[in-house]
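A short worksheet on the structure shown next.
The values are calculated or read from the model by the stated rules, or taken from the named source; none is laboratory data. Source: prediction; values computed, not measured. Glycine also receives a Cβ, built like all others from the backbone with ideal geometry; neighbour counts cover every protein chain displayed. In case anyone asks, the SASA skips ligands and DNA or RNA and just uses the protein heavy atoms, side chains included. Shrake-Rupley method; radii C 1.70, N 1.55, O 1.52, S 1.80 Å.
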Amino acid sequence: QGRLVESGGGLVQPGGSLRLSCATSGSIFRILAMGWYRQAPGNQRELVARISVDGSTNYADSVKGRFTISRDNAKNTLFLQMNSLKPEDTSVYYCNVFPFRAGYWGQGTQVTVSS
């Protein structure tokens, strides 16, 4: 079972920015694609962005052009830079490998976009 710890969430006004971080175990981080997922109340968990080991990225249409996923392989850390935030981005954000593994879900970090 992996250990993934998300941080960096908070309350931000529409149009604001946040940077999420995910501390990982090096044993999984260096060899697997990683992803950021989110789940709003009443909704299914969805993939927001993913990044392969070689750094290639892919984004959900709803965040394309606003969010940037990156990874620091030396520090075994995954990031999600979120700009131009909208109220509909309000969710709990999680990191996991891609495709996700059930045993790797952490506590997530709450992002609330509201004026």
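For Ser17, the stated conditions hold: it is touching a strand residue (DSSP E or B) at 6+ places or on another chain (Cβ under 7 Å) and of a type in the set (S, T, N, Q).
Look at the range 17-29: where a residue is without any contact (Cβ under 8 Å) to a residue 60 or more places away in the chain and a partner is aromatic (Phe, Trp, Tyr) and surrounded by 16 or more Cβ atoms within 10 Å (Cβ to Cβ), sitting 6+ places away or on another chain with Cβ atoms under 9 Å, you get Ser21/Phe79. For the range 69-86, a residue qualifies if it is open to solvent by 40 Å² or more (accessible area, probe 1.4 Å), closer than 16 Å to Glu6 by Cα and either at pLDDT 95 or above or not in a strand (DSSP E or B) (or both), and the qualifying residues are Ser70, Lys75, Gln81.
Per-residue answers, yes or no, for (1) closer than 20 Å to Leu18 by Cα; (2) not basic (Lys, Arg):
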residue: Tyr37; (1), (2): yes, yes
residue: Asn43; (1), (2): no, yes
residue: Gly65; (1), (2): yes, yes
residue: Arg71; (1), (2): yes, no
residue: Ala74; (1), (2): no, yes
residue: Val92; (1), (2): yes, yes
residue: Asn96; (1), (2): yes, yes
residue: Ala102; (1), (2): no, yes
residue: Gly108; (1), (2): yes, yes
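Sort out which residues of the range 22-39 are modelled with pLDDT of 90 or more and open to solvent by less than 30 Å² (accessible area, probe 1.4 Å), and write them in order of number. Correct list: Cys22, Ala33, Met34, Gly35, Trp36, Tyr37, Arg38.
Restricting the range 87-115 to residues that are charged (D, E, K, R) and surrounded by 13 or more Cβ atoms within 10 Å (Cβ to Cβ), the residue that is nearest to the chain's Cα centre (by Cα) is Asp89. Condition check for Gly15 on (1) more than 24 Å from Arg3 (Cα to Cα); (2) assigned to a strand (DSSP E or B): one failure, at (2).
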